[in-house]
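Chemist: One structure follows; several queries about it will come next.
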Amino acid sequence: MQSDADGLNVKRILVLNGPNLNLLGTREPEIYGYTTLNDINELLRERAESAGVDAIDFLQSNFEGELVEAIQKSRGRYDFILLNAGALTHYSIALRDAIASVPVPVIEIHLSNIHRREEFRHTSVIAPVVMGQICGFGVDSYIAALDIAIRKIRKDTK
Ligand code: DQA
């Protein structure tokens, strides 16, 4: 945890979204809803700002390596990562290893309930290295993850 000039704790959150999540709003709306990723990010930004989070940054990438690099660089820069890894959740050992390599806690997010869907979605290779998983609540999965991250950061700084 870094400190700012006033000695207050600096709270920074990184929101990462993986492949195809840039298409939210038009992508299989019966599963993922009609809310766009921009709308989700705006909701999170407003909520984070009113909770006193110093910075909330957003990255969506369709490329595994770009997400791996973002996780690697998060060390010392962020207090929490909120991650919807999309399909990479189910097979990316590289993403899992990146998460395990940094001390930044990660909350795994899914809009849909992956455990109620096709069998290949029931496995999350990142689940064993994240703090916890929130799935099945649509946009509220992101909001719940943000609220938990904020509560955890506050507890740590007491
Ligand atoms: C998802 C679930 C994944 O199985 C899928 O590949 C996605 C979205 C979700 O948010 O429900 O891209 O992560």
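Chemist: Here is a check on your reading of the model: is Val129 surrounded by 13 or more Cβ atoms within 10 Å (Cβ to Cβ), within 14 Å of His90 (Cβ to Cβ) and among the aliphatic types (A, V, I, L, M)?
Modeler: For Val129, the condition - surrounded by 13 or more Cβ atoms within 10 Å (Cβ to Cβ), within 14 Å of His90 (Cβ to Cβ) and among the aliphatic types (A, V, I, L, M) - is not met.
Chemist: Which residues, taken from segment 102-123, are open to solvent by 20 Å² or more (accessible area, probe 1.4 Å) and closer than 18 Å to Asn20 by Cα?
Modeler: Asn113, Arg117, Glu118, Phe120, Arg121, listed by residue number.
Chemist: Filter segment 143-158 down to the residues that are in contact with a strand residue (DSSP E or B) (Cβ under 6 Å, 6 or more places away or on another chain) and not polar (S, T, N, Q), then identify the one that is most open to solvent (accessible area, probe 1.4 Å).
Modeler: Filtering first and then ranking leaves Ala144.
Chemist: Please verify whether Phe58 is surrounded by fewer than 14 Cβ atoms within 10 Å (Cβ to Cβ) and on the phi < 0 side of the Ramachandran plot, treating the condition exactly as stated. Show your work before the answer.
Modeler: Working: surrounded by fewer than 14 Cβ atoms within 10 Å (Cβ to Cβ): no; on the phi < 0 side of the Ramachandran plot: yes.
No: the conditions fail for Phe58.
Chemist: Write out, first by first residue and then by second, each pair whose Cβ atoms fall under 6 Å of each other, whose residues are 6+ apart or on separate chains, and whose first residue, in segment 18-38, is within 13 Å of the ligand (Cβ to nearest atom) and open to solvent by less than 60 Å² (accessible area, probe 1.4 Å) while the second is of a type in the set (Ser, Thr, Tyr) and not in a loop (DSSP other than H, G, I, E, B).
Modeler: Leu24/Tyr32
The values are calculated or read from the model by the stated rules, or taken from the named source; none is laboratory data. Just so we're clear, the structure is a prediction, and the values are computed from it rather than from any experiment. FYI the Cβ positions are ideal-geometry reconstructions off the backbone, even for glycines, and counts take in every protein chain you see. Just so you know, the surface numbers come from the protein's heavy atoms only, side chains and all, with ligands and any DNA or RNA stripped out. Shrake-Rupley method; radii C 1.70, N 1.55, O 1.52, S 1.80 Å.
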